[in-house]
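Only one structure is covered here, and it is reproduced in the block below.
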Amino acid sequence: MEVFGALTSCALSVSDHFYGTGESLLFSFTPDFKVFNWTGENLYFIKGNNESISIGAGDGKFGLWLDGDLYIGRSESCQTYGNDPLTPKIDFVVKTLECWAFISS
């Protein structure tokens, strides 16, 4: 089982364009812990609507992409984070999904 994810600099919201900041990143725990920070190549941090969520992109590839049902996903190397694919196969089925929010008091 692969364990991976993203840390976004702002809350997810419906948008027709990419938003966010270079404080966003992708990470993977398998086989070893790796963090993929913003490369500075583009500003394709986060984009989401009812049909999909994309985190990181470039040249038609997404660092992390999930369909609107949060069931089917895809991960490829992308320009935004210069990441390795987060999964052994490009396309995958989501088994467990966790979302965490950090709120300042």
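The values are calculated or read from the model by the stated rules, or taken from the named source; none is laboratory data. Quick caveat, the model's predicted, so the values are computed rather than measured. Cβ coordinates were reconstructed from backbone atoms using ideal geometry, including for glycine residues, and neighbour counts include every protein chain displayed.
Descriptive notes on the structure:
- Any hit, the stretch 51-61, residues being more than 22 Å from residue 103 (Cα to Cα) and at pLDDT below 95: no
- Remark: pairs (first residue in the stretch 49-64, without any contact (Cβ under 8 Å) to a residue 60 or more places away in the chain; second residue among the charged types (D, E, K, R) and in a strand (DSSP E or B); Cβ separation under 8 Å; 6+ apart in sequence or on different chains) = 51/67; 52/67; 53/47; 54/47; 57/47; 62/74.
- Residue 57 buried (at least 18 other Cβ atoms within 10 Å of the Cβ), within 27 Å of residue 104 (Cα to Cα), of a type outside the set (D, E, K, R) and under 12 Å from the mean Cα position of the chain (by Cα): no
- So residue 23, is it charged (D, E, K, R) and surrounded by 10 or more Cβ atoms within 10 Å (Cβ to Cβ): yes
- Residue identified as in a loop (DSSP other than H, G, I, E, B) and within 20 Å of residue 94 (Cβ to Cβ) among 64, 70, 43: 70
- Residue match in the stretch 95-103 (condition: in contact with a Leu (Cβ under 8 Å, 6 or more places away or on another chain), part of a strand (DSSP E or B) and under 23 Å from residue 1 (Cα atoms)): no
- Residue check, residue 76 of a type outside the set (A, V, I, L, M, F, W, C), within 14 Å of the chain's Cα centre (by Cα) and either assigned to a loop (DSSP other than H, G, I, E, B) or crowded, with 20+ Cβ neighbours inside 10 Å (or both): yes
- Of all residues in the stretch 39-54, those being buried (at least 20 other Cβ atoms within 10 Å of the Cβ) and either of a type outside the set (A, V, I, L, M, F, W, C) or out of contact with any strand residue (DSSP E or B) (no Cβ under 9 Å at 6 or more places or on another chain) (or both) number 3.
- Looking only at the stretch 2-37, and only at residues there that are in contact (Cβ under 8 Å) with a residue 40 or more places away in the chain and polar (S, T, N, Q), the one that is nearest to residue 100 (Cα to Cα): 8
- Within the stretch 70-105, being charged (D, E, K, R) and under 15 Å from residue 29 (Cα atoms) holds for 84, 98.
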